[in-house]
1. Show me, for segment 175-181, the HN-Hα J-couplings you get by feeding each phi into the Karplus relation (A = 6.51, B = -1.76, C = 1.60, θ = phi - 60°), rounded to Hz, glycine and proline as x.
2. With a ≥ b ≥ c taken as the square roots of the eigenvalues of the C-alpha gyration tensor of segment 17-57, please select rounded if a/c is under 1.5 and otherwise prolate if a/b is larger than b/c or oblate if it is not?
3. So, by mean Cβ neighbours within 10 angstrom, what's the order for 65-76, 249-260, 97-108, 193-204 with the highest one leading?
4. Could you rank the peptides 174-185, 143-154 by their average count of other C-beta atoms within 10 Å per residue, with the highest value first?
5. Would you calculate the separation in nanometres between label points at R189 and N19, each defined as 7 Å from the Cα along the Cα-to-beta-carbon direction?
6. Pop the C-beta distance of R85 and M228 into the FRET formula with R0 = 30 Å and round what comes out to the nearest 0.05.
7. Sort largest first and round to whole Å: the equivalent ellipsoid semi-axes of segment 96-270, each the square root of five times a Cα gyration tensor eigenvalue.
8. Check the straight Cα-Cα distances from K83 and name the lysines below 23 Å, setting aside those fewer than 8 residues away within the same chain.
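Read-outs throughout are calculated quantities, based only on the coordinates presented, and are distinct from any laboratory measurement. Computed from a predicted model, the values in this text were never measured in an experiment. Methodologically, a virtual Cβ is constructed for each residue, glycine included, from the backbone with ideal geometry; neighbour enumeration extends over all protein chains shown.
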Amino acid sequence: MVADPAAGSHRASAADPGNGAVTLTKALSIVEFIAEREGASAREIAVGVGIPLSTAYRLAHILVAAGYLVHLKDERRFALGIKLRVLSQSVDRQFGLSPELRAEVGALHRQVGAAAYFAQYRGSEVIVAHVADSPDCPRVTPLDVGLHEATHATAFGKVLLAGMLPEQRDQYLACHPMRRLTPATMTDRAELESDLATVTRTGVAWEYEEFMPDLVCVAAGVRGGNGMIVGSVALSGSAARMRRSASACEEAVRRTAGRVSRCLRAYAQSRG
């Protein structure tokens, strides 16, 4: 029996790790695309992700079978599956986001009437781990869960930078250049160090339109059981709104940061 060269070539291609990586990347891109649009048809996926329609159908149905997507046949579109909810809950647990912590950040949002954030270290990154907002007081689009950039230009980022040892900060900033985002963004290391010294002295950080025009943020540090800064609580709003209520916003993040610190310590103790 003579082997089919084409079949052998196909098997080699399917076993090629590089080919599998490309397929995995496309599948993840489909999930991200659908998440951003709150659902999409196969044709929309193909155009949005930049893949053939047949590939969009094939990968979407594989994701449906795995539980990462659902196929809404009557609407002729795909949406996120329940398994992603399970993964989201797992991420929350790994972040240490107890219901009490979420409630405190939510209460801060409602008390002040501004989007509220919790940020923390995640490996070698500083990330936004939780956001509480509402249609009347929405988050700014870039300031969302998972943001791990522009630490030098955000109030919660400055709190965490100030909590690092000098050598840790040197290493972090070497890997995260101080890019200019607005005319007000600090790009000079000496200027940033002066600002961080103020954060350490006062216990709060402010950023005035350094991340985005007409956006002002204030943050306070969250401490772990050893007294070290492990996270930060922040508020963001328009420049006029935040300047007008600066004292109330600053006091609110201080008080919430203290309560969140206690939530984190209690959560850590509960996990043994």
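1. Listing the rounded values in order: 8, 10, x, 7, 6, 7, 9 Hz.
2. oblate
3. Packing proxy ranking, top to bottom: 249-260, 97-108, 193-204, 65-76.
4. Ranking, from highest mean packing down: 143-154, 174-185.
5. Using points 7 Å along Cα→Cβ, the separation is 4.8 nm.
6. Approximately 0.35, to the nearest 0.05.
7. Three semi-axes, in Å: 22, 20, 14.
8. Output for K83: K26, K73.
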